[in-house]
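The values are calculated or read from the model by the stated rules, or taken from the named source; none is laboratory data. Bear in mind that the values here come from a model prediction, so they are computed numbers and not experimental data. Because the Cβ atoms are built from the backbone with ideal geometry, glycine has one as well, and the counts that use them run over all protein chains shown. For accessibility, only protein heavy atoms count, side chains too; no ligands or nucleic acids. Shrake-Rupley method; radii C 1.70, N 1.55, O 1.52, S 1.80 Å.
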Amino acid sequence: TKFRKVGIEEIESDIKEMPQYFGRPKRIFLQGADGYSANYDTLMKTAELLHEHVPSVETISGYARIDSFFDKSVEELRAMKDAGYDNPYIGVESGDDVVLKRINKGYTAAQAREVLEKLDASGLRYIVNFLNGAGGHDYGLDNARKTAALYDGLHPTMVNTSMLTVVPGTPLYRAMEKGLYKESTEKEKLQEIQEFIRCLTNETVFMNEHASNLFHVKCSLPEDKKAVLDYIQKLIDGKDEAELRAYRE
């Protein structure tokens, strides 16, 4: 299915149907891949329609990309916050320009930093994601350190992680077949996420609960940092590569 932007009439029609199926929801999560790619006027009109037809709604979230915010000013983001937008889930994935180019994100680490600083300035809370393993074989630790450095001094309410699974048919899989990319081992992924957590300076929630992950945890940083690092080390020491790989297969 190719991505397309729908008109406000279709959005309003969907919103009007919501109460009969979902009752009185307090939180809305925008579906359709990247709701925040809509322009400011469309997002504000969507919030207006939600509050009109589903008055129980308190907050509006959804998936987002860094470039979803290129066209939105601090003042517009502040107005979006006041309209109920809260905690967009942003697939930053990496703070390393080599990795960002490899996975075709379409922006640099410096641009990501600029957007996240803009969100901080507006007061609009946000969640960031780290794609564990995207650096590939022998590159994970650099990726971890540069991504943690990207978040230094920022205020994400949550740092979420997911582990890369290279799916057949994707450009990255084809690059791997050609010898242009070598996947991280499972233990390398664990070492990478361990280094990422070790280097994080943020006071935030850390969540590692995606189905792709070799372990699942939700905790507070920095309070629980040592316990999580120790737990990951036990996995590294106590599991062999074949056993860990079987989970991904």
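Points worth noting:
- For segment 90-117, taking the residues that are of a type in the set (A, V, I, L, M) and more than 16 Å from the chain's Cα centre (by Cα), the one that is farthest from Asn202 (Cα to Cα) is identified as Val98.
- Filter result for Thr165 (over 26 Å from Glu117 (Cα atoms) and under 16 Å from the mean Cα position of the chain (by Cα)): yes
Residues checked against (1) modelled with pLDDT of 95 or more; (2) acidic (Asp, Glu); (3) closer than 27 Å to Leu100 by Cβ:
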{"residue": "Pro168", "(1), (2), (3)": "no, no, yes"}
{"residue": "Glu186", "(1), (2), (3)": "yes, yes, yes"}
{"residue": "Val205", "(1), (2), (3)": "yes, no, yes"}
{"residue": "Arg248", "(1), (2), (3)": "no, no, yes"}
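- Sole residue being under 27 Å from Glu75 (Cα atoms), polar (S, T, N, Q) and out of contact with any Cys (no Cβ under 7 Å at 6 or more places or on another chain), chosen from Ser162, Ser122: Ser122
- Test result for Phe70, at pLDDT below 95 and open to solvent by 90 Å² or more (accessible area, probe 1.4 Å): no
- Neighbours by Cβ (under 7 Å, 6+ apart or cross-chain): first from segment 214-225, modelled with pLDDT of 95 or more; second surrounded by fewer than 12 Cβ atoms within 10 Å (Cβ to Cβ): Leu221/Glu203; Pro222/Glu203
- Pair list, Cβ under 6 Å, 6 or more apart: segment 153-180 residue farther than 16 Å from Glu93 by Cα, other residue assigned to a helix (DSSP H, G or I) and charged (D, E, K, R): His155/Asp120
- First in segment 116-134 and aliphatic (A, V, I, L, M), second anywhere and open to solvent by 10 Å² or more (accessible area, probe 1.4 Å) and assigned to a strand (DSSP E or B), Cβ under 7 Å, 6 or more apart: Ile127/Tyr89; Ile127/Met158; Leu131/Glu93; Leu131/Ser162; Ala134/Glu93
- Going through (1) open to solvent by 50 Å² or more (accessible area, probe 1.4 Å); (2) assigned to a helix (DSSP H, G or I) one by one, Pro55 falls short only on (2).
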